[in-house]
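**Student:** Here's a structure for you.
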Amino acid sequence: MMPELSMFPEQASNFASKVDALYGFALAISAFFSLLIALIIFVFFIKYRRREAGEVGVQSHGSTLLEVAWSIIPLVITMVLFVWGAVIFIEMKTVPEDATEYYATAKQWMWKFQHPEGQREINHLHIPVGETIKLTMTSEDVIHSFFVPAFRVKQDVLPGRYTTVWFEANKAGTYHLFCTEYCGSHHAQMIGSVTVMEPDDYQAWLSGGGPVAAPQDLGAQLFEQYICNTCHYEDDSGRGPSLIGIYGEEVKFADGTTRIRDDDYLRESIMHPAATVVEGYLQIMPTYQGQLSEVSLLQLLSYIKSLSGVDESAGESAEAVDTADTSASGDDAAGG
Ligand code: CUA
């Protein structure tokens, strides 16, 4: 990839032209007023120059018209910038319902990705063109930031919680991926690429690496490995609440407060169970802090979400739920 000398990076996502239009507008406004002010200074130099020695300037006592003009015009311009920017910002922050979820885990100093179909990559992400992609991201250590200039998306990646970014790549090609938060001595080398492929090429690429397990299937294995299934039964008869159909629903705590069970909630429940004791249950769950990597945690979340019908890999989750149900009921019988 030869660096091209151009004002802007390539436009390769649904956001690119919108962000560039706003940026172009702000740039044009700035250029216009910079030139206007420079021109006015120049004209006034000449118009109001001292023509003879001892000449004294005439004091101006203001002009209502001028004052109104220089208040209203900037107000209108900044409001246009604000509303225009807010519209784009809100669109960027509103992940479409039908987005396909990919996972990203950042650590010093690399990016780990996992596809909904299970493929894992380091520092490179392959995605199909024209698909709405949601990236759920977290960090194993410090704050990083995910930035793909060609997509005009940038989002901080934080330890201990999830952040998301979404986009739809609309042009095949390979684009730079940067970490844009100083994260230690090798921050500058925390770079990678995103390859946008035609759907057929993407399918070929996916099947090229041999069979892999989907994140929720791996999560189902972890669910057994960490014996979560000895407390979380399908019905609410276990020592912990049932995890069937809970994702996205409201939960009530012992102290009467409520919260929506989203990704961050599930994460906190596993890492800091004492902070999220559901009403009617005892705080007996051990913490899994330090036992589960962020990658494993995302797989576990993927499995728990699949129990609520959140289908990330289209087609395979039903099978995953079946397997898990069988094993869970088997353990139920043993435990009860
Ligand atoms: Cu990671 Cu900078």
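**Student:** Percent of alpha carbon pairs in the range 150-247 separated by more than 24 Å?
**Tutor:** That fraction is 54 percent.
**Student:** Hey, another quick one. Taking the Cα-to-Cβ direction at LYS47 and at GLN225 and moving 7 Å from each Cα, how far apart do the two end points lie in nm?
**Tutor:** The modelled label-to-label distance comes out at 7.7 nm.
**Student:** What are the residues whose amide H is under 5 Å from the amide H of SER13, where those residues sit 5 or more places off or on another chain and H is modelled from the backbone?
**Tutor:** For SER13, whose amide H was placed from the backbone, the distant partners under 5 Å are ASN170.
**Student:** A further question on this structure: Helix-derived [θ] at 222 nm for the chain: sum -39500 (n - 2.57) over DSSP H runs of at least 4, divide by residue count, nearest 500? Please report the intermediate quantities before stating the final value.
**Tutor:** Working: 7 runs with 124 residues, N = 336.
Estimated from H runs of four or more residues: -12500 deg cm²/dmol.
**Student:** Considering just Cα atoms, how many Å³ per residue does the convex hull of the range 70-223 enclose?
**Tutor:** Roughly 150 Å³ of hull volume per residue.
**Student:** Sticking with this structure for a sec: Kirkwood Rh and Cα-based Rg: tell me the resulting Rg over Rh for the range 34-102, rounded to two decimals.
**Tutor:** Reported Rg/Rh (Cα atoms, Kirkwood Rh): 1.37.
**Student:** Rank by packing, highest mean first: peptides 137-150, 227-240, with packing defined as the count of other Cβ atoms within 10 Å averaged across residues.
**Tutor:** Ranked from most to least packed, the peptides come out as 137-150, 227-240.
**Student:** So for the chain, averaging the separation of alpha carbon pairs under 8 Å that are six or more residues apart and normalising by length, what relative contact order in percent results?
**Tutor:** Details: 508 pairs, mean separation 50.7, N = 336.
Reported relative contact order: 15 percent.
**Student:** Helix 294-306: angle to the longest alpha-carbon principal axis of the chain, degrees 0 to 90, nearest 10?
**Tutor:** 70 degrees
**Student:** Related question: Among the lysines, which have Cα under 22 Å from the Cα of LYS112 when same-chain residues fewer than 8 positions away are ignored?
**Tutor:** Within reach: LYS134, LYS154, LYS305.
**Student:** Summing Lys, Arg as +1 and Asp, Glu as -1, what charge do residues with Cβ under 14 Å from the Cβ of PHE178 carry, PHE178 excluded? The partial results should precede the final answer.
**Tutor:** Working: positive: ARG152, LYS154; negative: ASP156, GLU181.
It works out to a net charge of 0.
**Student:** What per residue convex hull volume, in Å³, do the alpha-carbon atoms of the range 82-142 yield?
**Tutor:** Dividing the Cα hull volume of the range 82-142 by its residue count gives 117 Å³.
**Student:** Amide H neighbours of SER139 under 5 Å, counting only residues 5+ apart in sequence or on other chains, H built in-plane at 1.01 Å?
**Tutor:** Result for SER139 returns ALA106, LEU158, GLY160, ARG161.
**Student:** Here's another thing I want to ask about it. Could you work out which residue, out of TYR202, TYR226, TYR265, moves most in a Gaussian network model of the chain, that is, has the largest mean-square fluctuation with Cα springs under 10 Å?
**Tutor:** Maximum among the listed residues: TYR226.
**Student:** Could you give the C-alpha radius of gyration of the chain expressed as a fraction of 2.2 N^0.38 Å, taking N as the number of residues it contains?
**Tutor:** Its radius of gyration relative to the 2.2 N^0.38 Å reference: 1.37.
FYI, it's all coordinate maths here, none of it is from the lab. Given the structure is predicted, the values throughout are model-derived calculations rather than measurements. Quick reminder, even Gly has a Cβ in these numbers, built from the backbone with ideal geometry, and neighbours come from all protein chains shown.
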